[in-house]
Amino acid sequence: MVAVARSGSIGQVRSVDATFTKIVRSGRELEGPDGGSISELATYPLLAVVKLLGTDFSQVTTRSLKPADSPVEVFSRIDVDYPHGIASARTGIGVKAEGELIVGGSAGYVYVPAPWWLTEYFETRFEDARQNKKYYYKFDGDGLRYELAEFASMIRTGTTESFKLRASESIAIADMIERARSTATLIS
């Protein structure tokens, strides 16, 4: 999907909207100061943002819902500004929302239905619906097998970095998360 989006088929990528939510009733995710939806889930949508818009972001603005009786925020919207585009990552551990991914381009967009992080199907969509195209990809399990295979391959080949997740991308995601957590406007 990243290759299709970045190939130019939808024009220049200008927008990424990614959502990842789940309902959590108990556990470490609901305990402060390190819990909350940003700490628990933001790496997923922010990975999509970084893969599609890059690491050269200029600003992170966050609004978080933190009920009065909760030690952590339970839903957040992280907006990330780039010189060439914008992104919105939504995370929730106490709010359930549609977990889709939409990548807006200057000529069309990519739509990935929920759950986009386990997708076996996505579409490119255009103003002229006759140009729309569906893509299918066999995805086995929950994704850990792919991470383990890549890790084992790196050990075998002696490489310290993978194109699938570069150190600069990990650092950018960590920076976004830290900014999101430390500067969030809290709504109760």
In a Gaussian network model of the chain with springs linking alpha carbons closer than 10 Å, the residue among ALA68, ALA48, ALA172 that fluctuates most is ALA68
Mind checking which of ALA87, ALA129, ALA42 has the largest fluctuation in a GNM of the chain, springs on alpha carbons under 10 Å? ALA129
Rounded accessible area per residue of the range 7-66, 1.4 Å, Å²: 45 Å²
Among SER88, SER37, SER106, determine the one that fluctuates most according to a GNM of the chain built with springs between C-alpha atoms less than 10 Å apart. SER106
Pairs over 28 Å Cα to Cα, from LYS51/LYS134; LYS66/LYS138; LYS22/LYS164; LYS66/LYS134, come to LYS66/LYS138; LYS66/LYS134
Given a 1.4 Å probe and every protein chain left where it sits, what share in percent of the accessible area of the range 80-188 is carbon and sulfur? 56 percent
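State the extension gain, in nm to one decimal, for the chain segment bounded by LYS22 and SER58, taking 0.36 nm per residue of separation less the distance between their alpha-carbons.
Values: separation 36, 0.36 × 36 = 12.96 nm, distance 2.89 nm.
Working it through step by step, the gained length comes to 10.1 nm.
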Using only Cα atoms, find the angle between the long axis of helix 43-53 and the longest principal axis of the chain, and express it within 0 to 90 degrees, rounded to the nearest 10. 40 degrees
Selected from ILE38, ILE78, GLY11, residue furthest toward positive end of dipole (the range 1-89; charges at beta carbon): GLY11
Inter-site label distance for THR159 and SER9 at 7 Å from Cα along Cβ, in nm: 2.3 nm
May I ask you to derive the FRET efficiency for ALA107 and SER182 from their Cβ-Cβ distance with R0 = 35 Å, giving the value to the nearest 0.05? 0.40
Given the alpha-carbon gyration tensor of the range 12-72, what are the semi-axes of its equivalent ellipsoid in whole angstrom, ordered largest first, with each equal to the square root of 5 times an eigenvalue? 27, 12, 10
For the chain, I need the span (max minus min coordinate) of the C-alpha atoms along each principal axis, in Å, sorted largest to smallest. 50, 46, 31
With charges only on Cβ, +1 for K and R and -1 for D and E, what is the dipole size of the chain about its Cα centre, in debye, rounded to 20? 340 debye
Sorted by chain and number, the residues with a modelled amide H under 5 Å from that of ALA97, at a separation of 5 or more or across chains, are THR21
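The values are calculated or read from the model by the stated rules, or taken from the named source; none is laboratory data. Owing to the predicted nature of the structure, the values given are computational and were not obtained by experimental measurement. Note that each Cβ is placed from the backbone with ideal geometry, even for glycine, and that neighbours are counted across all protein chains shown. Remember, those area values only see protein heavy atoms, side chains included, never the ligands or the DNA or RNA. Shrake-Rupley method; radii C 1.70, N 1.55, O 1.52, S 1.80 Å.
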